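Working notes, beginning with the structure itself.
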Amino acid sequence: MKASTLAALFDLRSVIALLFGVYGLVLTLLGALGTGPADLDKAGGVHLNLWTGIAMLAVAAGFVLWVWLRPPVVAAPSEPSDDTDARPGGH
Amino acid sequence: MGIMVLAQTDLRLDVSALDYVLVMFYFVLVLGIGFIARRSISSSLDFLLSGRSLPAWVTGLAFVAANLGAIELIGMTANGAQYGIPTVHYYWIGAIPAMVFLGIVMMPFYYGSKARSVPEFLRMRFNTTTQRVNAVSFALASVLIAGVNLFSLGLVLEALLGWSLQLAIPIAALVVLSYTFLGGLSAAIYNEVLQFFVILALLIPLTVAGLARVGGWNGLQQRITEVGGSEELSSWPGTTLTEIPNAFLSVLGIVFGLGFVLSFGYWTTNFAEVQRALSAKSMSAARRTPIIAAFPKALIPLVIVIPGMIAAVLVPQLTTLKAGGESDVTYNNALSLLMGEVLPNGILGVAVAGLLAAFMAGMAANVSSLNTVFTYDIWQDWIRPGREDAYYLRVGRAVTVAGCVLAIGTAFIAGSYQNLMDYIQSLFSFFNAPLFAIFILGLFWKRMSGTAGWTGLVAGTLAAIVVDVLVRTGVLAVSAQAGAFIGASAAFVFGIAVASVVTMVTAPKPEAELVGLVWQLTPKESRSHETTGEDAGWYRSPALLGGMVIALTVVLYLLVP
């Protein structure tokens, strides 16, 4: 249990979800609460922070969903990998 | 000139405290990845080749991100601003065919040979001298190019955030050093994937807001036509890009110069790229790596070239420049000028993080490939063979530190050049074009001898250097861009010619040693891959994916004929 929770936390997909989740949240809030007319003029009338924030939250949710559907495989206690040559077999 | 100008004109972005917090958060994650990846490292192969354990989507995105460095980002928005649509040739004909070729034809030999680096592959196919010649020239090129990346990063930090160059360059080097030192290639690759997404989070809103400002795609076309730039709206014949006035010759130049020699030379032999595929977990994943990367590569010009074109009609300093007037900016400033023009605070912080990410992606790719080549090809196979693996892991870490310190030095060398893009192009024609020549010859001609390998390599490099000198001194009166095309072609032709002549007078390698390294001597089954377990499914077929991305590219070309 502990090992798999750790693996899930450190999965690259979770890291992307964390980054986009935090960015998305900040931008959505900023866009919803703090968009002034100057900001709107700049972006040609698009609520840029708000829409980018929402899109980023969607991306984050997508990655969370992916991790949830396909949990990271916990690497088996790695095979005795001290073949001095350190070149794996493969096919 | 362009470089000095950056500092004078008011390019300083109006960055708020919140923007800084967003940038800092990104750096915390980047360093965190380094610490996490460290836990999984127990051998030099883990450190230098990620233990060949990564899934294809990770290596594929890292493959494209390693190329999506800041020089690319800044250089290609600049080209978009200056030339418009013809810039897409760099992404389509100049990349996609070569990436598909790498995945389908060459990867079975690379991955199947179990070579840990391109020089090691050259030792197997040719001989130790070829390996050493290539390893030394690659190490040199890596340190020089890492310096260019670092220098450009320092420039951006200076221009956008107001940090001094003397402070910005070491700080940036320290960040890249920390995570590659801790986590090796895994950390570099994981960060590249993260960077890929953050760079898109910079480019997509920039394009959306920019298009909104100019009245959409139609508005943009209209404004470009108004200022007499209608040739900027179609990709062929691209005479402005090639600076070849004859339309037919211009197309020929794009197809053969860019589409064949430069592009195949870069994508199929550049170890900083190939290494990403070698770290994949299976042959199937390795073959899919460049092909998966080709999909974003084909689509990325939509959010790089278009913002460049928007900047040219929207930013007053650039419209002046374009109309032939006096302006204190260059096209290289297009990206940051447009960021300042259309992005409000908040998203601006994400954009700055994306830009910094791009610089680090480029430099980390150089440093992590330098590591591998130096440790395996120069240290283990040549200078200090036969030590235990832990020793080479320590060497790998030491090279990371040395590479970053040297890059700080070469960053200041790069600063003495007027035009960074020309500098980079020359480096590529010196190193990549001759390498591609002997690679392709060696792959399909089993008679080609070991001595032919390194003599072809050296002859090709010398030919490119001669062309470079002729262009610089004005003996050959062509633009720097056309000079790079000619240099690469000369390197290719001379490499092939010398290798062929040398082969005739030297003994070939025994055929038994060439199984798996030469096309005719490799049975079909060992050129294919398993299609079971995690490699099963039609959607994991490299040939099918390759066909799809070629079709996508053709459709994209039809949209902007």
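The values are calculated or read from the model by the stated rules, or taken from the named source; none is laboratory data. If you're wondering where the values come from, they're calculated on a predicted model, not measured in any experiment. Note that we place each Cβ from the backbone using ideal geometry, even for glycine, and neighbour counts take in every protein chain shown.
A few notes on this one:
- Looking only at residues in segment B:230-279 that are in a loop (DSSP other than H, G, I, E, B) and of a type outside the set (S, T, N, Q), the one that is surrounded by the fewest Cβ atoms within 10 Å (Cβ to Cβ) is B:245.
- Cross-chain or 6+ apart pairs with Cβ under 6 Å, segment B:493-504 first and within 9 Å of residue B:460 (Cβ to Cβ), then in a helix (DSSP H, G or I) and hydroxyl-bearing (Ser, Thr, Tyr): B:498/B:455
- Counting only helices (runs of 4 or more DSSP H) that fall entirely inside segment B:282-379 and contain at least 1 residues that are under 16 Å from the mean Cα position of the chain (by Cα), the qualifying elements are B:283-299, B:301-314, B:347-372.
- Pairs where the first residue, in segment B:531-547, is surrounded by 10 or more Cβ atoms within 10 Å (Cβ to Cβ) and the second is among the charged types (D, E, K, R), C-beta under 7 Å, 6+ apart: B:540/B:288; B:542/B:287; B:542/B:288; B:545/B:288
- Any chance residue B:325 is of a type in the set (Gly, Ala, Ser), out of contact with any helix residue (DSSP H, G or I) (no Cβ under 6 Å at 6 or more places or on another chain) and free of Cβ contacts under 8 Å to residues at least 60 places away in the same chain: yes
- Per-region count, segment B:25-60, residues at the interface with another protein chain (Cβ under 10 Å from one of its Cβ atoms), in a helix (DSSP H, G or I) and over 13 Å from residue B:179 (Cβ atoms): 10
- Scope segment B:480-522; condition in contact with a Leu (Cβ under 8 Å, 6 or more places away or on another chain) and β-branched (Val, Ile, Thr); matching residues: B:486, B:496, B:515, B:518
- Screening residue B:163 on (1) part of a loop (DSSP other than H, G, I, E, B); (2) in contact (Cβ under 8 Å) with a residue 40 or more places away in the chain shows it passes everything except condition (2).
- Odd one out for residue B:224 among (1) in contact (Cβ under 8 Å) with a residue 60 or more places away in the chain; (2) among the β-branched types (Val, Ile, Thr); (3) within 22 Å of residue B:561 (Cα to Cα); (4) out of contact with any Asp or Glu (no Cβ under 7 Å at 6 or more places or on another chain): (4)
- Selection within segment A:14-41: residues that are at the interface with chain B (Cβ under 9 Å from one of its Cβ atoms), among the aliphatic types (A, V, I, L, M) and closer than 21 Å to residue B:36 by Cα. The member of this set that is surrounded by the most Cβ atoms within 10 Å (Cβ to Cβ) is A:19.
- Test for residue B:322: is it within 20 Å of residue B:234 (Cα to Cα) and modelled with pLDDT under 85: yes
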